[in-house]
Amino acid sequence: MLILGIETSCDETAAAVVRDGRETLSDVVVSQIDVHREFGGVVPELASRKHIEAISPVIEKALEAAGVEVSAVEGIGVTRGPGLIGSLLVGIGAAKGMALALKKPICGVNHLHGHLFAVFLERADVKFPFVGLVVSGGHTSLYHVRAPLDIQPIGKTRDDAAGEAFDKVAKLLGLGYPGGAIIERHARGVDAGHLRFPRALLDNGQFDFSFSGLKTAVLRSTEQMFGVERRTDMPGSFHAVVAPDLSQTVPPAVKIIAAAFQDAVIDVLVAKGLAAAREYRSEKLVVCGGVAANSALRDRMVHEGRLSGIEPVFPSMRLCTDNAAMIAARADILLAAGLADAPDFGAKSRW
Ligand code: KG4
Ligand code: ZN
């Protein structure tokens with residue numbers, strides 16, 4: 001089936017054309033990061049407005065890049081949630097309009113299931129059942145994917161998502177936004193030495209996560225090393241009292257905190273992910289979502305996976321972060337199974 005996928009759950013406006021859930025004909029992503037950077041995080045109202053501006057050109061570009069006429073599209077998949085409600089509604093509105101005009105089936109896709117199924121755009125050797133770990137800015141969740149239509153959640157974060165922790169720690173250290181890639185860069189090759197942050201719920205035999213204690217431990221260490229100030233521009237946020245322009249020179253102690261933080265997150269993700277794969281007898285562990293773009297995480301997963309006979313599988317970097325090809329891939333399965341949605345379906349901010 002030739003599917004048009006649309007994704008607007010957060011701060012990327014994306015559209016893609018995918019054939020049979022496996023072949024990406026086009027994959028267009030317009031990021032709003034520059035708009036949100038100065039606020040240190042995604043501003044929901046701004047995000048919706050930017051989606052409204054971008055959605056039609058992005059869809060047109062995806063069709064053009066795929067070299068297909070809009071009339072050739074056989075079905076439409078759009079992210080229904082979880083995400084920012086105003087942002088989701090922009091994508092859903094556009095998708096519904098097209099489905100009605102073209103008289104084609106439409107289905108709302110769970111964004112997290114989209115992340116899990118991105119892997120099928122690149123790999124033919126991932127078989128069901130498998131265990132999948134979604135690590136993104138909004139979610140840290142483990143799934144037992146028993147069959148294409150049987151996705152069982154087996155654990156999730158009790159508080160912050162891993163990516164959210166990266167973003168908050170980077171903000172605290174004054175390193176910028178979004179935090180994941182920046183922390184990774186500053187932590188590269190840095191030995192955290194004696195600085196060791198807590199690894200929450202590591203040995204409890206369950207698959208839930210918690211990152212808020214880690215965030216607080218980082219705040220305490222930063223306070224001891226540099227002092228912190230309450231931010232006047234962002235209620236509830238602190239920032240470290242360090243060099244005024246960190247983009248020029250990042251003090252070694254900041255890099256050590258970044259490395260110790262990243263080590264703690266990676267330890268937990270690797271241990272829990274591989275333990276879940278062992279428990280559910282999955283030869284492969286699919287690791288996806290924005291944080292899965294982290295090279296240190298990828299390296300450790302591969303190393304530890306080898307020791308326990310489990311092969312971690314990562315989508316390529318581009319497919320780890322938000323995109324519409326993964327939504328189209330998931331929609332292909334739903335539509336082929338006859339699971340089109342009635343035209344009155346709504347957005348789900350939580351799912
Ligand atoms: O999946 P995604 O693009 O959007 C959501 O669905 O949330 O994930 C975005 C998250 C952000 O928190 C960002 O800081 C994090 O992924 N991220 C990373 C890296 N690249 C992006 N975290 C750690 N290391 C990275 N290299
Ligand atoms: Zn995502």
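The values are calculated or read from the model by the stated rules, or taken from the named source; none is laboratory data. Not measured: the values here are computed from a predicted model. Glycine gets a Cβ as well: all are built from the backbone with ideal geometry, and neighbour counts include every protein chain shown. In case anyone asks, the SASA skips ligands and DNA or RNA and just uses the protein heavy atoms, side chains included. Shrake-Rupley method; radii C 1.70, N 1.55, O 1.52, S 1.80 Å.
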Contour minus Cα-Cα distance for GLU53 and LYS127 (0.36 nm per residue) = 22.7 nm
Cα-centred dipole magnitude for the chain, charges only on beta-carbon of K, R (+1) and D, E (-1), debye, nearest 20 | 580 debye
Under a 10 Å cutoff between Cα atoms, tell me which one of ASP159, ASP125, ASP191 has the largest fluctuation in the Gaussian network model of the chain.
-> ASP125
If one builds a Gaussian network model of the chain from Cα atoms under 10 Å apart, the most fluctuating residue listed among LEU214, LEU175, LEU307 is LEU307
Would you tally the net charge around THR140, using a Cβ to Cβ cut-off of less than 11 Å, leaving THR140 out, and scoring K and R as +1, D and E as -1?
-> -1
Within the set HIS115, HIS194, HIS144, GNM on the chain using Cα springs under 10 Å gives the largest fluctuation to HIS194
antiparallel share of DSSP beta bridges within the chain, to nearest 5, in %, is 65 percent
Count the net charge of all other residues whose Cβ sits under 15 Å from the Cβ of GLY309, scoring Lys and Arg as +1 and Asp and Glu as -1.
-> 0
Normalised Cα Rg of the chain, dividing by 2.2 N^0.38 Å with N its residue count, works out at 1.00
Accessible area expressed per residue, segment 162-314, with surrounding protein chains retained (probe 1.4 Å, Å²) | 46 Å²
Summarise the accessible area of segment 162-314 (1.4 Å probe, protein heavy atoms) by the percent that is carbon and sulfur.
-> 50 percent
So which lysines pass the test for LYS284, namely a Cα distance under 17 Å, with those fewer than 8 places away in the same chain ruled out?
-> LYS127, LYS272
Evaluate the relative contact order of segment 162-314 (contact order divided by residue number), counting alpha-carbon pairs under 8 angstrom at least 6 apart; express in whole percent.
-> 27 percent
Please report the relative contact order for the chain, taking Cα pairs under 8 Å with a sequence separation of at least 6, and give it as a percent rounded to a whole number.
-> 25 percent
Of PRO312, ALA331, GLY138, whose Cα points farthest to the positive end of the dipole of the chain (charges on the beta-carbon: +1 Lys, Arg; -1 Asp, Glu; origin at the Cα centre)?
-> PRO312
Treating the beta-carbon of each Lys and Arg as +1 and of each Asp and Glu as -1, no other charges, what is the dipole magnitude of segment 162-314 about its Cα centre, to the nearest 20 debye?
-> 40 debye
